[in-house]
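Enquirer: Below you will find the structure I want to go over with you.
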Amino acid sequence: MQYFSTNRRSPHATFREATLNGQPDDRGLYFPGSIPKISNEFWDSFETMSRGEIAFEIIRPYMGGEIADQSLRTICDETVNFEFPLVRINERISTLELFHGATLAFKDVGARFMSRCLREFSSGNSGRTAVVVATSGDTGGAVANGFFGVEGVDVVILFPKGKVSRVQELQLTTLGQNIHAFEVTGDFDACQTLAKTALADPELKSKMFLTSANSINIARWLPQQFYYFFAYRDWLRAGHDKPPVVCVPSGNFGNICAGILAHISGLPVAHFIAACNANDVIPRFLESGEMIEKKAVATLSNAMDVANPSNFVRILEMFDRDHVRLRDLMSSVSVSDETTSATMREVFEKFGYILDPHGAVGYRALADYLGGHADAAGYFLETAHPVKFDSVLDITGTFGEIPESVAELESRPKRSEVIPPDYEAVRDAITRLIR
Ligand SMILES: *Cc1c(COP(=O)(O)O)cnc(C)c1O
């Protein structure tokens with residue numbers, strides 16, 4: 001399998017090269033040269049395969065043999081070694097809970113897979129590897145956890161000071177060892193700019209191998225297909241006879257883009273909904289065909305506060321950049337904060353189910369869609385556990401059952417360094433670490 005750049009000015013890359021490069025030099029995104037089709041044999045044994053086996057069969061064609069089957073099997077087993085329950089909320093709406101992993105968010109899947117690929121690719125590599133990641137909360141925790149304790153790899157996390165939730169901050173700052181957390185006195189965009197500058201810094205690059213772990217990396221993007229297959233199996237087991245409408249709370253559009261990729265490979269899906277918060281560049285684009293860039297606005301569902309979703313070009317790529325054709329398969333709506341909190345209250349009162357703000361955006365978008373499609377049913381993705389978002393307590397009055405891992409975090413000492421949002425400070429910090 002070869003990967004090409006969506007901007008088509010960079011050379012093709014193998015899975016290994018694309019994982020290590022992160023992004024092609026022409027600032028496009030890597031995209032698989034061909035999309036594998038799910039085989040009949042896969043469907044024949046679908047009902048009885050383990051999650052790890054499903055993951056292995058889905059990802060194997062994308063690897064081009066660059067990780068031996070036996071290692072890849074282990075990586076897949078470790079990546080999906082937690083539950084992915086499809087929980088029924090009412091007759092027509094279910095939720096796919098993706099928050100049963102180490103850091104209680106769906107990003108655990110991509111991060112676990114990617115960290116294990118990097119471990120595989122850097123073993124036998126004498127120099128140090130530094131993973132530099134900017135996070136608005138969820139990404140950093142998942143990446144840090146995925147890489148925790150990995151020999152020869154340091155993780156540098158840049159997050160906006162005071163702008164992540166209490167649990168997120170604990171997840172980012174209490175690991176220690178090879179995980180280095182920096183609280184930047186600026187916003188998420190500032191963190192992202194700093195990370196990008198570091199990744200392109202020739203001086204740093206001469207001292208260590210630098211890589212990013214953001215959601216555009218194919219080793220994080222591709223494994224997100226796995227749970228759409230798990231969900232489909234549970235969907236059939238629940239007795240549904242039509243493919244589901246699948247609603248994905250979306251920010252950078254990596255998650256939904258993986259779902260669409262799975263669908264093009266053969267996974268039955270009736271329709272996709274990209275549920276956005278007030279950051280509505282894509283809903284507007286699908287309506288008008290015009291991409292009007294805006295600044296990101298802060299919302300309750302802060303992991304989706306993305307102004308210009310970078311993975312969206314991959315979706316366009318799958319539809320030959322024809323947004324009218326895309327509209328048949330995917331619609332996109334914007335849900336305000338007011339509606340989000342009203343939905344959290346409503347769903348708690350009616351069904352006793354506690355939504356996090358991202359899941360609430362998803363629930364709302366799906367419920368509204370089903371309102372106009374009387375025969376349809378579907379599920380939305382619960383992308384993170386409610387306890388990760390402080391607003392849940394204010395709005396719903398409870399976090400529900402608090403996972404054990406959270407109490408455990410509270411007992412650990414915090415380790416982090418506060419730095420100003422200027423690049424010199426970041427370069428000094430990274431240089432000091434890697435000596
Ligand atoms: C990252 C994140 C999202 C958005 O996912 P994308 O792949 O960026 O669209 C949604 N919800 C939560 C909780 C997240 O952490």
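Enquirer: Does region 40-87 come out rounded, prolate or oblate, given a ≥ b ≥ c as the square roots of the eigenvalues of its C-alpha gyration tensor, rounded meaning a/c under 1.5 and, failing that, prolate meaning a/b above b/c?
Expert: oblate
Enquirer: Additional query: If I take every Cα pair under 8 Å that is 6 or more residues apart in region 314-362, average their sequence separation and divide by the length, what percent do I get for the relative contact order?
Expert: This gives 25 percent for region 314-362.
Enquirer: Could you tell me the center-to-center distance, by alpha carbons, between region 408-424 and region 154-199 in angstrom?
Expert: First find each Cα centre; the distance between them is then 7 Å.
Enquirer: Can I ask one more? Using the basic label-point model (7 angstrom from Cα toward the beta carbon), what is the residue 7 to residue 293 distance in nanometres?
Expert: Output for this residue pair reads 1.2 nm.
Enquirer: What order, most packed first, do the peptides 130-140, 175-185, 323-333, 282-292 have when packing is the mean number of other Cβ atoms within 10 Å of each residue?
Expert: 130-140, 175-185, 323-333, 282-292
Enquirer: What's the local net charge at residue 136, with K and R +1, D and E -1, over the other residues with C-beta under 10 Å away?
Expert: Numbers: positive: 163; negative: 138, 187, 189, 305.
Residues near residue 136 contribute -3 overall.
Enquirer: Still on this structure, please answer the following. Rounded to the nearest 5, what % of DSSP beta bridges with both residues in the chain are antiparallel?
Expert: Numbers: 8 of 45 bridges.
Antiparallel: roughly 20 percent of the beta bridges in the chain.
Enquirer: Quick one: of the DSSP bridges fully inside region 70-171, what percent are antiparallel, nearest 5?
Expert: Once the DSSP bridges in region 70-171 are tallied, antiparallel ones form about 35 percent.
Enquirer: Also, quick follow-up: Take the eigenvalues of the Cα gyration tensor for region 307-435, scale each by 5, and report the square roots as semi-axes in whole Å, largest first. Working shown, then result.
Expert: Details: eigenvalues 246, 150, 31 Å².
Semi-axis lengths for region 307-435 are 35, 27, 12 Å.
Enquirer: Using 10 Å bins from zero, what percent of all Cα-Cα pairs in region 139-269 falls into each bin?
Expert: 11, 31, 30, 19, 8, 1
Enquirer: How many Å² of accessible area per residue for the chain, probe 1.4 Å?
Expert: 40 Å²
Enquirer: For the chain, evaluate the Debye formula with one uniform point scatterer on each Cα (no solvent term) and list log10 I(q)/I(0) at q = 0.06, 0.07 Å⁻¹, rounded to two decimals.
Expert: Treating every Cα as an identical point scatterer, log10 I(q)/I(0) equals -0.23, -0.31.
Enquirer: Provide the gained length on full extension for the span residue 394 to residue 70, in nm with one decimal, where the gain is 0.36 nm per separating residue minus the Cα-Cα distance.
Expert: 111.9 nm
Enquirer: Also, quick follow-up: Using a 1.4 angstrom probe with every protein chain in place, what is the largest-first accessible-area order of 88, 237?
Expert: 88, 237
Enquirer: Report the Cα centroid-to-centroid distance between region 14-51 and region 205-232 in angstrom, as an integer.
Expert: Here the two parts' Cα centres lie 11 Å apart.
Enquirer: Still on this structure, I have one more. Determine, for each peptide in 9-16, 242-249, the mean count of other beta carbons within 10 angstrom over its residues, then list the peptides with the highest first.
Expert: Highest-to-lowest ranking by the protection proxy: 242-249, 9-16.
Enquirer: Classify region 385-435 from the C-alpha gyration tensor, please: rounded if a/c falls under 1.5, else prolate or oblate depending on whether a/b exceeds b/c.
Expert: prolate
Enquirer: Using helices alone, I'd like the mean residue ellipticity at 222 nm for the chain: each DSSP H run of four-plus residues gives -39500 (n - 2.57), total over residue count, nearest 500.
Expert: Value at 222 nm, helices only, nearest 500: -13000 deg cm²/dmol.
Enquirer: Going by Cα centres, region 278-295 and region 344-392 are how many Å apart?
Expert: Taking the Cα centre of each part, region 278-295 and region 344-392 sit 23 Å apart.
Enquirer: Something else: Between residue 284 and residue 346, what length in nm is gained on full extension when 0.36 nm per residue of separation is reduced by their alpha carbon distance?
Expert: Gain on stretching residue 284 to residue 346: 19.6 nm.
Enquirer: Next up: I need to check one value: relative contact order of the chain, counting alpha carbon pairs closer than 8 Å and at least 6 residues apart, in percent.
Expert: Rounded, it is 18 percent for the chain.
Enquirer: Debye calculation, C-alpha points only, no solvent: report log10 I(q)/I(0) for region 230-371 at q = 0.15, 0.17 Å⁻¹, in the same order as the q values.
Expert: One equal scatterer on each Cα of region 230-371 leads to -0.76, -0.96.
Enquirer: Answer rounded, prolate or oblate for region 67-169, using the Cα gyration tensor with square roots of eigenvalues a ≥ b ≥ c: rounded when a/c is under 1.5, else prolate when a/b is larger than b/c, else oblate. List each step's numbers first, then the result.
Expert: Working: a/c = 3.53, a/b = 1.30, b/c = 2.71.
Oblate, because a/c is 1.5 or more while a/b does not exceed b/c.
Enquirer: Set the Förster radius R0 to 35 Å, insert the Cβ-Cβ distance between residue 14 and residue 308 as r into 1/(1 + (r/R0)^6), and round the FRET efficiency to 0.05. Before the final figure, lay out the partial values.
Expert: Values: r = 28 Å, r/R0 = 0.81.
In this case the efficiency is close to 0.80.
Enquirer: So, one more: log₁₀ I(q)/I(0) of region 1-127 at q = 0.15 Å⁻¹, via Debye over equal Cα point scatterers, no solvent, to two decimals?
Expert: The calculated log intensity ratios at q = 0.15 Å⁻¹ are -0.88.
Enquirer: Accessible area of region 50-168 with a 1.4 Å probe: how many percent of it is carbon plus sulfur?
Expert: For region 50-168, the apolar C and S fraction of the accessible surface comes to 41 percent.
Enquirer: Give me the number: length gained by fully extending residue 87 to residue 418, i.e. 0.36 nm times residue separation minus the C-alpha to C-alpha distance, one decimal in nm.
Expert: 115.1 nm
The values are calculated or read from the model by the stated rules, or taken from the named source; none is laboratory data. Computed from a prediction, not measured in an experiment: that's the story for all the values here. As a convention, Cβ positions derive from the backbone with ideal geometry for all residues, glycine included, and neighbour counts pool all protein chains shown. Heavy atoms of the whole protein, side chains included, go into the accessibility calculation; ligands, DNA and RNA do not. Shrake-Rupley method; radii C 1.70, N 1.55, O 1.52, S 1.80 Å.
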